[in-house]
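Accompanying notes for the structure given below.
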Amino acid sequence: MLSFAIVLTSIFTLLCLIIGKASLASATLILGLFVLFTLYWQWLPVSVFIIYLVLAVLLNNHYLRQRYLSRPLQALFVRRKKNWLPPQLPHSEGWLERKIITGLIQWHHLHAQPAPRINAQEQAFLDGPTHQLCQLINSEPCQGGINEACWRYLNQRGFFALSQPYHLGGHAFSCYGINKIIQKVASVNSEIAETVALHNSLGSASFLQHCAPREAQSIWLRAICKGRKQALFSVEPATLVQQMTPLQGELTIDKHPIPSPVMPDLLILPVRLTAKGEEHYLLIETEHCKQLSFTCQNQLGSFSIAAYPFALSDLICPETVKPWYCRAQAWLKLNLSALQAAQMKQALISTHSTTDAPLTTPDTTKQPRSDRLVGLLLRVSSFDACIAMTCSATDNGENPILIADLLTNEIDHTRSRYVLPLSSQYFEYLYTCHPYLLTEYQSCQEPDQLEHFDQQVISHLGFTLNQLLIVFTHKLFARYSYKACDQFYFRLIERYSHILAVLGEDLLFSSPHPVSRDKQQGRLLRLLSLIYVMTALLRSHQHTTIKYSALDKVINEIEALLQNIAGNMKGSLIGRLFCWLCLPSRPLYLPESDQNYQLISQEIAQQKINFQHLCGDINRAQPTSPSSD
């Protein structure tokens, strides 16, 4: 009986060392001293000490560990990585998503960056040129396109160079400021706002600044930012050109549509030399292109080019464009999120203005409208908090590629008519945020990198064991009493983050079937996005009743998603064992929805300041283009 108790104590000591993230040498030394102590008092047989010595030598001896442990694990990685999607994005260190995926998020991570603010220049631009643009749109409505007066005003006032630096003639506005400008324009005309969003992400000024040769930059960049010239970066599918000689090609385009009612001074067109070739980019000065013809009907322009010769050396190669294009897609997602935010806020204002009776009235005819108003307010609160946190991160230098996906995943779950670029796969988050996976993946490319792989795989094993033990410990205490405070919700975020970390390890080594893998990727990406929404709400400075009610709504979605994940994993014996050990058998917290609904209904009925805070950045005028909520 004493020996059994000592074995249990030894296991408990080892588990504590793993959870405490002790190094391999430290854990071996501490456990060895404990085993020697028990051997001295003859509490355990000598055979236990011999087994411990064998394991200690195997794990701590460099040569033996590589031969008998790391080499088989490397072979396992080589087999498994054939089922993984290879990394595509440029390497980055990750931001808050790294802390969430690894379960290492802490309280100060939520408040490490200041809340985004509109500076004086941005506020002056909102009150001046942006407000005047809204008045111009209302006085001259645009139907089926952008009229010439609006287009020239956009170009001359620098709406197409909001993010460009001062020395180039731009405004150097922050991501948050640009988002607010687009929201205000979108509340009047969504088509013009979408054009502003495109030009400030996949725009000609940004392309020239990051990808064009210096000669082209010196001629065009400042003139375009200042509004003296106009340029168009085409995002249409690449045009196949005819290669006449090894040094020269010929371009022919028939009726290429453009959103501009006037012909730009510079065209930036994607072209391909072969059917399966990569996209190159060609700069064409329209003033000197006699082969070009332009037509404009109903405020929509199109151009044609007949047999335009050019030198192949003038093409901008894909290697130059790819890094910029990847980040520009992320900026496009951030900018287009403003259109959906304005759409949701308009629906909220419209619903609130038509509710002429208190929301707490017993009249059953008013109850459906009350439900809709509460749902809209909670959704707008969550989305506005996510926009603020994401823009604040990008303004402080964080890589926007992955966190823009986390924001726009919320758009994918709303009734939005705006088409966004495709989101990154969850494997990209693992490669970016996992502390060891990308290095292990690269080490498996060459067999002679066993030593480098060995250094990572031991740490990876310790990391995985640490996450499993934490999740299993949390499972024993799966239910928590509710406390209306930020710390309570943050504790739930920690629990969900550890579960996400374990599910990420399962994705790497679970079923290799592509359909099952892709569906699980989608579930984990949605779980990550919902945890991201929770962190954004906790960071926000909204009224506590609305903030906590919105958090409760997100928690309900997470609990339903975890049940869906568990239901899809229980098809196999290993999956059932995994769910029994790791996934909560019952919800961590079930919000009291009826009580919260009464509180938030009273809050909406009594305090209109919530609407002023959330919807004060959009124009209250009726939009000229239709939009749905």
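The values are calculated or read from the model by the stated rules, or taken from the named source; none is laboratory data. Note that this is a predicted model, so its numbers are computed, not measured. Glycine gets a Cβ as well: all are built from the backbone with ideal geometry, and neighbour counts include every protein chain shown.
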Considering segment 196-217 alone, what residues qualify as being surrounded by fewer than 24 Cβ atoms within 10 Å (Cβ to Cβ) and either among the charged types (D, E, K, R) or over 22 Å from the mean Cα position of the chain (by Cα) (or both)? Phe207, Gln209, His210, Cys211, Ala212, Pro213, Arg214, Glu215, Ala216, Gln217
Quick one: is Asp594 among the acidic types (Asp, Glu) and either at pLDDT 75 or above or in contact with a Pro (Cβ under 7 Å, 6 or more places away or on another chain) (or both)? no
Members of segment 375-415 found to be modelled with pLDDT of 85 or more and assigned to a loop (DSSP other than H, G, I, E, B), listed by number: Asn396, Gly397, Glu398, Asn399
Given the criteria under 22 Å from Ile224 (Cβ atoms), of a type in the set (S, T, N, Q) and surrounded by 19 or more Cβ atoms within 10 Å (Cβ to Cβ), does Ser260 qualify? yes
Would you be able to say whether some residue in segment 445-457 is at pLDDT 80 or above, over 24 Å from Ser190 (Cα atoms) and outside any helix (DSSP H, G or I)? no
Sort through Leu89, Leu59, Leu96 and tell me the only one that's modelled with pLDDT of 85 or more and aliphatic (A, V, I, L, M). Leu96
So how many residues does segment 175-189 have that are among the basic types (Lys, Arg) and over 21 Å from the mean Cα position of the chain (by Cα)? 1
Residue under question is Thr252, and the condition is that it be of a type in the set (Val, Ile, Thr) and surrounded by fewer than 17 Cβ atoms within 10 Å (Cβ to Cβ); does it hold? yes
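Is there a residue being assigned to a helix (DSSP H, G or I) and either in contact (Cβ under 8 Å) with a residue 40 or more places away in the chain or in contact with a helix residue (DSSP H, G or I) (Cβ under 7 Å, 6 or more places away or on another chain) (or both) anywhere in segment 224-241? Before you say what the answer is, go through the steps one by one.
So in segment 224-241, the residues assigned to a helix (DSSP H, G or I) come out as 224-225.
Filter once more, keeping what is either in contact (Cβ under 8 Å) with a residue 40 or more places away in the chain or in contact with a helix residue (DSSP H, G or I) (Cβ under 7 Å, 6 or more places away or on another chain) (or both): 224-225.
Taking every residue of segment 224-241 in turn, at least one turns out to be assigned to a helix (DSSP H, G or I) and either in contact (Cβ under 8 Å) with a residue 40 or more places away in the chain or in contact with a helix residue (DSSP H, G or I) (Cβ under 7 Å, 6 or more places away or on another chain) (or both).
Working carefully through the options Gly504, Gly567, find the one that is free of Cβ contacts under 8 Å to residues at least 12 places away in the same chain and small (Gly, Ala, Ser).
Unique residue meeting the criteria: Gly567.
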Being surrounded by fewer than 20 Cβ atoms within 10 Å (Cβ to Cβ) and either in a loop (DSSP other than H, G, I, E, B) or touching a helix residue (DSSP H, G or I) at 6+ places or on another chain (Cβ under 9 Å) (or both) narrows it down to one residue among Gln164, Gln123; which is it? Gln123
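Going through Ser234, Ser293, Ser302 one at a time, which residue ends up being surrounded by fewer than 14 Cβ atoms within 10 Å (Cβ to Cβ) and of a type in the set (Ser, Thr, Tyr)?
Ser293
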Can you find a residue that is without any contact (Cβ under 8 Å) to a residue 24 or more places away in the chain and farther than 27 Å from Trp220 by Cα anywhere in segment 172-181? no
